[in-house]
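The structure under discussion appears below in the form of structure tokens.
The values are calculated or read from the model by the stated rules, or taken from the named source; none is laboratory data. Everything quoted here is computed from the prediction, not taken from an experiment. Here the Cβ is made from the backbone with ideal geometry for all residues, glycine too, and neighbour counts use every protein chain on show. Accessible surface is based on the protein model in full, side chains and every heavy atom, while ligands, DNA and RNA are left aside. Shrake-Rupley method; radii C 1.70, N 1.55, O 1.52, S 1.80 Å.
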Amino acid sequence: MLESGAAEWVNPLRDNRDRRLPRIAGPCALVIFGVTGDLARRKLMPAIYDLANRGLLPPGFALVGFARRAWDDDDFGQVVHDAVREHSRTPFREEVWQRLSEGIRFVQGSFDDDAAFADLARTLETLDRERGTGGNHAFYLSVPPAAFPVVCGQLARSGLAVAQDGAWSRVVIEKPFGHDLDSARELNEVVGEVFSEESVFRIDHYLGKETVQNILALRFANQMFEPVWNAHYVDHVQITMAEDIGLGGRAGYYDGIGAARDVIQNHLLQLLAFTAMEEPVSFAASELHAEKIKVLSATRPAEPFDETTARGQYAAGWQGGEKVVGLLEEKGFAADSITETYAAITLEVDTRRWAGVPFYLRTGKRLGRRVTEIAVVFKRAPHLPFDETMTEELGQNALVVRVQPDEGVTMRFGSKVPGSEMEVRDVNMDFSYGQAFTVSSPEAYERLILDVLLGVPSLFPVDEEVELSWKILDPVLEHWAAHGRPEPYEAGTWGPESADEMLRRTGREWRRP
Ligand code: BG6
């Protein structure tokens, strides 16, 4: 082992007093399992290049791919190269690529092949010695959850799960983390037998998004929002994650999973946690996790589910001027699939702050447009000293965190329409990232991969959060499983009629972002 282990290595920027300078990862190797998958090609490899390009990876960095393909180091290097050229955020620079590619290795094998893991251990040892990766290893499991136990077991058997001499060994786990509470608990146990909780990094890429982290800045760095961020002033909260894409090519993953398991259990409940939690004592990971755990423990689905939830499945329709097929015609989906591509649920947060304030969460594929937002909708003013006609077009005040694609924050409030009459109508005041800042936001995976390499766990949900999220969702999933099929909705629309009805029943309506 090289002398440049994690403990001895001194990051030149760490001692610098300017805290705005980004921290650079120490020497390490990142091993990706599932390297032939879509996520690795579209997100992980480009993010690694972008980090290198931003100078955030150390000279002693290596990227190791593990898969069954009959590739050698050069073949894999070419795959990474093509992925980087196609998907990276920052411009391609030959010198950066050269430096990165010198540390690229490939190990061929299947997950149940002991010899392949012995080969992986040898490869890492050689890299530690020759490239100076310092015995620090991150293992990224970009594989289906069914493969977690076997890969973790192999890492344990080959001695890779436990780092030597002050170095570190970390495991990165992609969602879906189980398909219900029981399976999530089992997975947590299996992973926990091999890695300590501090070494487990569960990825929820929504937490890597700038706009999601900005919820914390907006709430806790300002004075003007928190005083009204509660049941006295807030009527309800709508959290929307709408996508225009369909599920062509994703049947293997998605059929039988559905919209609620795919994104409500993780991304949307994390957005709810950031929106509804109390102020953490500090931004130390343990404090942040503690507040999220508290609020998730207090969250439960509102009943009766026939009235408080809705689910749909897209049928053929038009999108972006093109005719698109319905889910049942997409390749790989069972002709009688009951997988939902749209899900809406009502949650209640049983705390003094939120008592009586419904949180509506919805998500869907093949909807009108791609948009993710959190809308905090305020109650109407208790008294309006105007004639009714003057305010008939006045809606409710709202603060909307625009997570994507048009990142920013919108405040909606009433304003006088110019003219001799007093007429009040809604207007919007916008903050837009694109206009306010000159730097572009890093991709979520850049931030999260860097945090793994730095060992900063704040943005990674802990086991308890994952389990609590399943606990919230499981009753709804059980209800749906026992009650027929999802309602069809035309592609390119805003989802099934039952979702509109769900809100109409309470005298509210969904925003049309
Ligand atoms: C993933 C889901 O977690 O998030 C996908 O599995 C979804 O179904 C994707 O399309 C959306 O991510 P983003 O960052 O494009 O909003």
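Select from Ala146, Leu477, Ile264 the residue farthest towards the positive end of the dipole of the chain; place +1 on Cβ of Lys and Arg, -1 on Cβ of Asp and Glu, and compute about the Cα centre.
Farthest along the dipole direction, towards plus: Ile264.
Tell me the Rg and the Dmax, in Å, that the Cα atoms of the chain produce.
Computed over the Cα atoms of the chain, radius of gyration and Dmax are 24.4, 84 Å.
Counting only trypsin sites (Lys or Arg not before Pro) that sit in a DSSP loop (anything but H, G, I, E, B) with at most 11 other Cβ atoms within 10 Å, what is the longest stretch of the chain containing none of them? Write down the numbers at each step before the final one.
On the way: sites that count: Arg14, Arg17, Arg19, Arg20, Lys331, Arg352, Arg505.
Result for the longest clean stretch: 21-330.
Can you tell me the FRET efficiency between Phe225 and Ser420 if r is taken as the Cβ-Cβ distance and R0 is 41 Å, rounded to the nearest 0.05?
0.70
Can you pick out the pairs among Lys43/Lys323; Lys175/Lys209; Lys292/Lys365; Lys209/Lys331; Lys331/Lys471; Lys175/Lys471 whose Cα atoms lie more than 25 Å from each other? Write out the running numbers ahead of the final one.
Details: Lys43/Lys323 29 Å; Lys175/Lys209 16 Å; Lys292/Lys365 28 Å; Lys209/Lys331 31 Å; Lys331/Lys471 32 Å; Lys175/Lys471 16 Å.
Check vs 25 Å cut-off fails for Lys43/Lys323; Lys292/Lys365; Lys209/Lys331; Lys331/Lys471.
Charges at C-beta only: +1 for Lys and Arg, -1 for Asp and Glu. How large is the resulting dipole of region 39-79 about its Cα centre, in Debye rounded to 20?
Values: 6 positive and 5 negative charges, 64 e Å.
Once rounded to the nearest 20, the dipole reads 300 debye.
I need the phi-derived Karplus couplings for region 478-487: 6.51 cos²θ - 1.76 cosθ + 1.60, θ = phi - 60°, integer Hz, Gly and Pro marked x.
Taking θ as phi minus 60°, the curve returns 5, 4, 4, 4, 8, 10, x, 9, x, 7 Hz for region 478-487.
Which residues make up the longest stretch of the chain that has no chymotrypsin sites (Phe, Trp or Tyr not before Pro) in a DSSP loop with at most 16 other Cβ atoms within 10 Å? All intermediate terms of the calculation are to be shown ahead of the outcome.
Details: sites that count: Phe92, Phe225, Tyr233, Phe283, Phe386, Phe437.
Result for the longest clean stretch: 93-224.
For the chain, what proportion of DSSP beta bridges, expressed in % and rounded to the nearest 5, is antiparallel?
The antiparallel proportion sits near 55 percent.
Give the separation of the Cα centroids, region 91-114 to region 230-275, in Å.
The distance from the Cα centre of region 91-114 to that of region 230-275 comes to 34 Å.
Give, rounded to the nearest 20 debye, the magnitude of the charge dipole that the chain has about its Cα centre when Lys and Arg contribute +1 at Cβ and Asp and Glu contribute -1 at Cβ.
940 debye
Which Cα, out of Val35, Thr211, Phe431, lies furthest along the positive dipole direction of the chain (beta carbon charges, K/R +1, D/E -1)?
My answer, from the dipole projection, is Phe431.
What size of dipole, in debye to the nearest 20, comes out for region 109-164 about its Cα centre when the only charges are +1 on Lys and Arg C-beta atoms and -1 on Asp and Glu C-beta atoms?
160 debye
Quick one: Karplus J couplings for region 498-512, per residue in order, coefficients 6.51, -1.76, 1.60, θ = phi - 60°, nearest Hz, x for Gly and Pro?
4, 6, 5, 4, 4, 7, 4, 4, 9, x, 10, 9, 5, 6, 10
Measure off, as a whole percent, the carbon and sulfur share of the 1.4 Å-probe accessible area of the chain, all protein chains present.
Values: 11390 of 23140 Å².
Looking at the chain in its full context, I get 49 percent from C and S.
Starting from the amide H of Arg23, placed 1.01 Å from N in the peptide plane, find each other amide H under 5 Å away whose residue is 5 or more places distant or on another chain.
Close amide H contacts, sequence-distant or interchain: none at all.
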